Amino acid sequence: MEAVTKKPQGSKKRVHSIQWRDNVEGYLFTAPAIIGLFVFILIPIVASIALSFTKWDLITNIEWIGLQNYQELFTDEIFITALINTLKWVVLYIPLGLTLSFVLALAMDMPVKGIGVFRTIFYLPYVSPILVVALLFTWMYNTDFGIINYMLNEIGLPSVPWLSDGNLAIFSICIMSVWKGAGYNMLIFLAALQGIPTSLYEAADLDGITAFQKVIYIKIPLITPSLYYVMIMAVINAFQVFNEIYIMTSGGPGYSTYTMSYYLWSNAFSYNRFGYACSMAIIMFIIILAVSLFQTQFLGKKVQYDM
């Protein structure tokens, strides 16, 4: 009969000690991310939900008022206007931004000498500070001495009140935002386009496929993962637009460029209504979550992950 060999007890303790040390090292490396998740995301979310049922001005004691903030919210004409303006922004920003970014990506994918210089030029607006870009466009849009109206006057057209007309202001700001963000989305689309195997294009050439047909039947279907990601992020960013509005119009003229984010900020830091602002944040979160789930449900099924 063969003798059963047993591992020494010291060996087991040594293995256990190594595993424990590895676990501790792993926890230490992940600790900053976990602490940041709790401190900057989970705890503020829970606090916002709790504060949305209160009346608090950051100075006096917190007063529990139940659903009063939410009841006031849906009868607040300014909030309804801000919600409509936000939806206008989403409807304008998403198609314009995606179309411009995709067209730029197609152009930057061409095998042209020096194309890297143009890629850098188109990407520069994205890395430029929003304050600089917003002030630049504010001067360009100026009714009296802006370069856009100057060019219109030179060809015999009247000046346009780009930022002082309530019907044009949000459209004008949206154009600036599309121009600034196009470089980032262009880069994502470009990376996806360059990942398409050239053999597909060669086979298409043999079949006599035109350049437009290549875009419709080869390029767009094979970059759907990138398109899906860009669309999700664009919708989330569009619902949270704030910086452009704050710098260029401060919500004016009137309430024509008030968005949900800007009205939330105004209530929190101008009127010290933090409970009311938190209720607005919860409504915004629910809307963004619902739209994102809708995109995942209906657009996610059409994403093609293999080539």
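Within the bounds of the stretch 244-260, is there any residue that is more than 30 Å from L136 (Cβ to Cβ) and assigned by TED's automatic domain parsing to the domain that holds A82?
Keep residues of the stretch 244-260 that are more than 30 Å from L136 (Cβ to Cβ), which gives none.
Checked the stretch 244-260: no residue is more than 30 Å from L136 (Cβ to Cβ) and assigned by TED's automatic domain parsing to the domain that holds A82.
How many residues does the stretch 65-83 hold that are surrounded by 14 or more Cβ atoms within 10 Å (Cβ to Cβ) and either in contact with a Cys (Cβ under 7 Å, 6 or more places away or on another chain) or under 16 Å from G251 (Cβ atoms) (or both)?
5
Quick one: how many residues across the stretch 51-94 are touching a residue at least 40 places away in the same chain (Cβ under 8 Å) and of a type in the set (G, A, S)?
Number of matching residues: 2.
Within the stretch 106-127, is even one residue farther than 20 Å from L227 by Cα, at pLDDT below 95, assigned to a helix (DSSP H, G or I) and small (G, A, S)?
Within the stretch 106-127, one or more residues are farther than 20 Å from L227 by Cα, at pLDDT below 95, assigned to a helix (DSSP H, G or I) and small (G, A, S).
Would you confirm, using the coordinates I've provided, whether Q297 is in the same structural domain as V133 (by TED's automatic domain parsing), touching a residue at least 24 places away in the same chain (Cβ under 8 Å) and either among the β-branched types (V, I, T) or surrounded by fewer than 16 Cβ atoms within 10 Å (Cβ to Cβ) (or both)?
Values: in the same structural domain as V133 (by TED's automatic domain parsing): yes; touching a residue at least 24 places away in the same chain (Cβ under 8 Å): no; either among the β-branched types (V, I, T) or surrounded by fewer than 16 Cβ atoms within 10 Å (Cβ to Cβ) (or both): yes.
So Q297 fails the test.
Would you please list the contacts, defined by Cβ atoms under 8 Å and residues six or more apart or on different chains, that run from a residue in the stretch 215-229 that is surrounded by 14 or more Cβ atoms within 10 Å (Cβ to Cβ) and of a type in the set (S, T, Y) to a residue that is modelled with pLDDT of 90 or more and in a helix (DSSP H, G or I)?
So the pair list comes out as S226/I188; S226/F189; S226/A191; S226/A192; Y229/I188.
Give D144, D109 a once-over and let me know the one that is more than 16 Å from the chain's Cα centre (by Cα), crowded, with 16+ Cβ neighbours inside 10 Å and over 25 Å from V241 (Cβ atoms). Walk me through how you get there before you give the answer.
Details: D144 fails: crowded, with 16+ Cβ neighbours inside 10 Å.
Of the residues listed, the single one that is more than 16 Å from the chain's Cα centre (by Cα), crowded, with 16+ Cβ neighbours inside 10 Å and over 25 Å from V241 (Cβ atoms) is D109.
Looking only at the stretch 167-209, count every residue that is more than 17 Å from V91 (Cβ to Cβ) and either polar (S, T, N, Q) or outside any helix (DSSP H, G or I) (or both) and tell me the total.
The number of residues fulfilling the criteria is 10.
Could you say whether any residue in the stretch 124-144 is farther than 30 Å from Y258 by Cβ, out of contact with any Pro (no Cβ under 9 Å at 6 or more places or on another chain) and touching a residue at least 12 places away in the same chain (Cβ under 8 Å)? Steps first, please.
Pass one, the stretch 124-144, residues farther than 30 Å from Y258 by Cβ: 124.
With the extra rule that they be out of contact with any Pro (no Cβ under 9 Å at 6 or more places or on another chain), the set shrinks to 124.
If we keep only those that are touching a residue at least 12 places away in the same chain (Cβ under 8 Å) as well, we get 124.
For the stretch 124-144, residues farther than 30 Å from Y258 by Cβ, out of contact with any Pro (no Cβ under 9 Å at 6 or more places or on another chain) and touching a residue at least 12 places away in the same chain (Cβ under 8 Å): present.
Applying the selection to the stretch 146-171, what residues are in contact with a Leu (Cβ under 8 Å, 6 or more places away or on another chain) and without any contact (Cβ under 8 Å) to a residue 60 or more places away in the chain? It would help to see each step written out before you state the result.
So the first thing to find is which residues in the stretch 146-171 are in contact with a Leu (Cβ under 8 Å, 6 or more places away or on another chain), and the list is 158-162, 169-171.
If the condition is that a residue be in contact with a Leu (Cβ under 8 Å, 6 or more places away or on another chain) and without any contact (Cβ under 8 Å) to a residue 60 or more places away in the chain, then P158, S159, V160, P161, W162 are the ones that fit.
Identify all residues within the stretch 230-256 that are of a type in the set (S, T, Y), surrounded by fewer than 21 Cβ atoms within 10 Å (Cβ to Cβ) and touching a residue at least 40 places away in the same chain (Cβ under 8 Å); write none if there are none.
First pass over the stretch 230-256, keeping only residues of a type in the set (S, T, Y): 246, 249-250, 255-256.
After this cut, where a residue has to be surrounded by fewer than 21 Cβ atoms within 10 Å (Cβ to Cβ) as well, the list is 246, 250, 255-256.
Answer for the stretch 230-256, where residues must be of a type in the set (S, T, Y), surrounded by fewer than 21 Cβ atoms within 10 Å (Cβ to Cβ) and touching a residue at least 40 places away in the same chain (Cβ under 8 Å): Y255, S256.
Hey, could you check the stretch 145-159 for residues that are touching a helix residue (DSSP H, G or I) at 6+ places or on another chain (Cβ under 6 Å) and of a type in the set (A, V, I, L, M) and say which is nearest to Y258 (Cα to Cα)? If you could, list the steps in order and put the result at the bottom.
Pass one, the stretch 145-159, residues touching a helix residue (DSSP H, G or I) at 6+ places or on another chain (Cβ under 6 Å): 146-148, 159.
Among the residues that remain, those that are also of a type in the set (A, V, I, L, M) are: 147-148.
Values: I147: 26, I148: 24 Å.
Applying the filter and picking the extreme gives I148.
The values are calculated or read from the model by the stated rules, or taken from the named source; none is laboratory data. Model, not experiment: these values are computed from the prediction. Here Cβ is always computed from backbone atoms with ideal geometry, including for glycine, and neighbour counts include all displayed protein chains.
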